[in-house]
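Since the structure comes first, as structure tokens, the remarks are kept for the end.
The values are calculated or read from the model by the stated rules, or taken from the named source; none is laboratory data. Note that this is a predicted model, so its numbers are computed, not measured. Here the Cβ positions follow ideal geometry from the backbone for every residue, glycine too, while neighbour counts run over all protein chains shown. Please note that ligands, DNA and RNA were not included when accessible areas were found on the heavy atoms of the full protein model with its side chains. Shrake-Rupley method; radii C 1.70, N 1.55, O 1.52, S 1.80 Å.
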Amino acid sequence: MPTVHPPVDPRLDLFAEIDRLRRERKAVILAHYYQDPDIQDLADHLGDSLELAKRARDAKDAEVILFCGVHFMAETAKIVNPSKVVIIPDLEAGCSLAEQCPADRLRAWKQKHPEHHVVMYINCSAATKAESDIICTSSNAERVIRSVPAGKPILFGPDKNLGAFLIKKTGRQMDLWPGACMVHETFSSQKIAALKARNPDAKFIAHPECEEHVLQLADFVGSTSKLLEFVQKDAGKRYIVGTETGILHTMKKHAPHKELIEVPYEDRTAACQGCNACPHMKRNTLEKIYLALRDLQPRIEMAEELRKRALLPLERMLALG
Ligand code: 13P
Ligand code: SF4
């Protein structure tokens, strides 16, 4: 059951309160690039999934890790740094990819393919990680796939789009789990092609969670951090950004002279089915951050036996550098 709080006093200066509590609690605040701008700005460390997993592992001085992201990210923080109190503003902040690949179904898939190496995208639960040989993120996925001994067949999940992109990049034989990101799969290749035609000087850059027909139009494909780096270093001036809207805030800060155009998506009829904002990431608010720091809740907890099994494939990934 989600926690129900009385409303937060609207007269509170939430920024000041969060700052006070962060110091009192010896908390480090980690935030993903898909968080709202205010949350990105107050974080101690901002990053993509890989950078934040490393920040969590290396948070030696903090007593508390407040993870402003989604559940699997906070869970990863607890797996790699179990002695810390790990809190998340909203325990219900999930992920369509993590939901689509529960551990029991992965186990059944593995049983049908006992000779395969299991590579799982970090967007999955601790229980699913525990069934994997190695984890990857969108930043290091190619390196992780190349680390699997040549000739060894691979089961890859939960993201079929990232998987298809990796097959093209590495030429490896991979069976793909049929999962997808509910945000990136709403992007429309027809609308992007029309936008490109109207803006021939703009480069289209995209996250590998996008569908193949969208990635085919891209001038550059990369993880959130790699897209940010590309906009900063590239000689061009205008970019159509094919990922979640949150990253545009930090892109504008780091590359103020570049023009950024949000990616056009399919118009869907159901609410929240056609936009470039992740409804899970956007569950986190300043009020919930304040309450989480005040009450040290909701916490990420897990059985030690599960944590150890989930840690192993994460450590194999982190050992690759
Ligand atoms: P990265 O943080 O690896 O770019 O992944 C994006 C994402 O969708 C996180 O949920
Ligand atoms: Fe999951 Fe997609 Fe949201 Fe990332 S953007 S948390 S992959 S649903």
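Send over a whole-number figure in Å² for the accessible area per residue of region 1-153, probe 1.4 Å.
Working: 6730 Å² over 153 residues.
Value for region 1-153: 44 Å² per residue.
Kindly point out which whole DSSP H helices in the chain project their C-alpha atoms 18 angstrom or further along the helix axis while averaging a Kyte-Doolittle hydropathy of -0.5 or above. Please list the in-between numbers first.
On the way: long enough: 304-319 (21 Å, -0.31).
Once both thresholds are applied, what remains is 304-319.
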request  = List, in order, the whole-Hz ³J(HN,Hα) value for each residue of region 114-124 obtained from phi through the Karplus relation with A = 6.51, B = -1.76, C = 1.60 and θ = phi - 60°; use x for Gly and Pro.
outcome  = x, 8, 7, 8, 9, 10, 10, 5, 4, 6, 7
task = Counting other Cβ atoms within 10 Å, keep those with at most 16, restrict to DSSP loop, and tell me which GluC sites (Glu not before Pro) in region 64-155 are left.
result = 92, 115
remark   = Given backbone amide H placed at 1.01 Å from N, residues whose amide H is under 5 Å from that of residue 182, ignoring those fewer than 5 places away on the same chain, are 96, 97
inquiry  = Using the Karplus curve 6.51 cos²θ - 1.76 cosθ + 1.60 with θ = phi - 60°, what ³J(HN,Hα) values do you get for each residue of region 173-188, in whole Hz, with x for Gly and Pro?
reply    = 7, 9, 8, 10, 6, x, x, 7, 7, 5, 8, 5, 7, 8, 6, 9
Percentage relative contact order, region 125-207, counting C-alpha pairs under 8 Å, at least six apart = 21 percent
In Å², nearest 10: area of residue 61 left accessible to a 1.4 Å probe = 140 Å²
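First measure r as the distance between the Cβ atoms of residue 305 and residue 108, then evaluate 1/(1 + (r/R0)^6) with R0 = 30 Å and state the FRET efficiency to the nearest 0.05. If you can, show how the numbers build up before the last one.
Numbers: r = 21 Å, r/R0 = 0.70.
Once the sixth-power term is evaluated, E becomes 0.90.
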task = Using only C-alpha atoms and all pairs of different ones, pull out the Kirkwood radius for region 219-311 in Å with one decimal.
result = 16.5 Å
query = What aspartates and glutamates could a cross-link reach from residue 252, if we take a straight Cα to Cα line under 15 Å and drop same-chain neighbours fewer than 8 places away?
reply = 36, 38, 41, 229, 234, 244, 262
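Please tell me the relative contact order of region 1-119 in percent, rounded to the nearest whole number, where contacts are Cα pairs under 8 Å and at least six residues apart.
Numbers: 139 pairs, mean separation 22.6, N = 119.
Contact order relative to length: 19 percent.
Return the calculated 222 nm mean residue ellipticity for the chain, to the nearest 500 deg cm²/dmol, obtained by summing -39500 (n - 2.57) across DSSP H runs with n ≥ 4 and dividing by the residue count. Present the calculation step by step, with values, prior to reporting the outcome.
Working: 15 runs with 131 residues, N = 321.
Here the helix-only value at 222 nm equals -11500 deg cm²/dmol.
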remark   = Interchain or sequence-distant (5+) residues whose placed amide H lies within less than 5 Å of the amide H of residue 121 are 136, 157, 159
Contact order normalised by residue count of the chain, Cα under 8 Å, 6+ apart, percent = 22 percent
ask   = Considering only protein heavy atoms and a 1.4 Å probe, what is the carbon-and-sulfur percentage of the accessible area of the chain?
value = 51 percent
